[in-house]
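Trainee: Here it is, the structure in full.
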Amino acid sequence: MSLRKFVSTVGVLSAIALPTVFVGAGAAEAAPAINATTITYNLTGAPNYASAIRTGVSRWGTLRNVKFQETTGRANLTYRQGNYSGGSYYTGNGHGTGNIYLDIRQMGQYDHVRVAAHETGHDLGLPDHYSGPCSELMSGGGPGPSCTNSYPNANEVARADANFRFAATEAELNRTVVVRGY
Ligand SMILES: [Zn+2]
């Protein structure tokens, strides 16, 4: 089964329709991306953290090239909770399609929204950077449990947006990325 079918694009407009919307830098900044990838997500497998997941996902709301949409049905991205020996982790293609496993024991130590936002970052193609500061979302557990920042910094937002700037390649759709630990 191809992974391609699970990643959809929306808002495909003809070039003819564009000019009036995208005139001027200010207008371009505010306008939604014309080929934004919609990542549907299903959090019914992680009921303890539903609220935290929704908030964590919303932390990526400033992306221009990706939009998230919650569903209770088939989804590009699923969140599950359980007891995982290696802590929370992500598996997927790192390009919108994947599964996030939230380790209940680890969630007891760390800020739920930050963990959810961080793991979501892996689905956007961002790797861990544990040596980074708390202001960096992908530093994960590096700064320790006292770090509760759940917002990606400007660089992380830019990198995630860049990953989805163009239509996904076959390699991006078919690869398997596993990122263990928060
Ligand atoms: Zn991570």
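Trainee: Give me T169, T97 sorted ascending by neighbouring Cβ count inside 10 Å, so fewest comes first.
Mentor: Working: T169 10, T97 22.
By the 10 Å Cβ count, ascending: T169, T97.
Trainee: Can you work out the Karplus-derived ³J(HN,Hα) for every residue in segment 90-104? Use 6.51 cos²θ - 1.76 cosθ + 1.60 with θ = phi - 60°, whole Hz, and x for glycine or proline.
Mentor: 10, 10, x, 9, x, 9, x, 10, x, 10, 10, 10, 9, 7, 4
Trainee: Among E170, E156, E70, E119, which comes first, second and so on when ranked by fewest other beta-carbon atoms within 10 Å?
Mentor: Details: E170 10, E156 21, E70 14, E119 24.
So the ranking, lowest neighbour count to highest, is E170, E70, E156, E119.
Trainee: Here is a further query. Would you please classify the overall shape of segment 100-157 from the alpha carbon gyration tensor, given that a ≥ b ≥ c denote the square roots of the eigenvalues, rounded means a/c under 1.5, and beyond that prolate means a/b larger than b/c while oblate covers the rest?
Mentor: Details: a/c = 1.83, a/b = 1.26, b/c = 1.46.
Oblate, since a/c reaches 1.5 and b/c is not below a/b.
Trainee: Semi-axes, largest first, in whole Å: what does sqrt of 5 times each Cα gyration tensor eigenvalue give for segment 56-182?
Mentor: Working: eigenvalues 92, 59, 35 Å².
Working from the Cα gyration tensor, I get semi-axes of 21, 17, 13 Å.
Trainee: Report, in whole Å, the centroid distance computed from the Cα atoms of segment 72-105 and segment 110-140.
Mentor: Distance between centres, Cα-based: 14 Å.
Trainee: If you don't mind, another one. Of the chymotrypsin sites (Phe, Trp or Tyr not before Pro) in segment 79-152, which ones lie in a loop per DSSP and count no more than 16 other C-beta atoms within 10 Å?
Mentor: Y130
Bear in mind that the values in this text are calculations on the coordinates, not laboratory data. These figures come from a predicted structure and were not determined experimentally. Every residue, glycine among them, receives a Cβ derived from its backbone with ideal geometry; neighbour counts consider all protein chains shown.
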